[in-house]
Amino acid sequence: MGRIVKQVSEGTTKYYWYPGDKKEWIRAGVALGIGLAVFGLLMLFTRNVLVATVVGASATAVAAGLNFGRRDARALAGFPDLGDKAARRAAVGHTGKAVWRALAHGFGGAAAAVLILNLPHRGVVADWILPVVPAVVGALAHQAGMLYERLSASTSTPGPASTPAPTPDPEPALP
């Protein structure tokens, strides 16, 4: 939970609470900014609102998916063993945050699909294929973010994993 602290007067302080961390809100804003920048550039160069919207929404979905994937992998690594009652309570907190991320990610894909469907273009590709592109790309980015986080968290052991096999003696020279 994040908070904003405002000093109203000498003896009065107001606290404004908001869900999530400030850095996560900044990352969400960056993802949205990336999508808007891509949309703007494609509209400038192609003048095709369908292409610009699909690619811009996909760029936002990629940035958000990578962020959500990394956060989900970190949360999964910290997921407690469900052996005792306190651990089950902690698991509820982890699960609640994961549900919130899944809801936001799913809403983003659905909103992009509705936005693309309401564009003036018609046809099988515009009506059936392009609306799901941002959601699919975002889901793939989510998996890539999880994989990246897991690979960056893995450790390697120094030196060889086992003792090397003895080298065979060289063959004797022929007379």
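The values are calculated or read from the model by the stated rules, or taken from the named source; none is laboratory data. As the structure is a computational prediction, the values presented were derived from the model and not from experiment. Positions of Cβ are backbone-derived with ideal geometry, glycine not excepted, and every protein chain shown enters the neighbour counts. Please note that ligands, DNA and RNA were not included when accessible areas were found on the heavy atoms of the full protein model with its side chains. Shrake-Rupley method; radii C 1.70, N 1.55, O 1.52, S 1.80 Å.
Between Phe107 and Tyr148, what length in nm is gained on full extension when 0.36 nm per residue of separation is reduced by their alpha carbon distance?
So the chain would gain 12.4 nm between Phe107 and Tyr148.
Over all directions, the average projected area of the alpha-carbon convex hull for region 1-135 comes to how many nm²?
Averaged projected area of region 1-135's Cα convex hull equals 12.3 nm².
In region 39-73, which trypsin sites (Lys or Arg not before Pro) are in a loop and have at most 16 other Cβ atoms within 10 Å, using DSSP for the loop call?
For trypsin sites (Lys or Arg not before Pro) across region 39-73 that sit outside H, G, I, E and B with at most 16 neighbouring Cβ atoms in 10 Å, the list reads Arg47.
About its Cα centre, how strong a charge dipole does region 21-152 have in debye, to the nearest 20, once Lys and Arg get +1 and Asp and Glu get -1 at the Cβ?
280
In nm, to one decimal, how far is the Tyr16 label point from the Ile129 one, both placed 7 Å along Cα→Cβ?
Result: 4.6 nm between the two label points.
Under a 1.4 angstrom probe, counting protein chains only, how are Val54, Val136, Val62 ranked by accessible area, largest first?
The ranking, largest first, comes out as Val136, Val62, Val54.
Hey, if you put +1 on the Cβ of every Lys and Arg and -1 on every Asp and Glu Cβ in region 21-152, which of Ser58, Val114, Gly69 ends up farthest toward the positive end of that dipole?
Checking the options against the dipole of region 21-152, the answer is Gly69.
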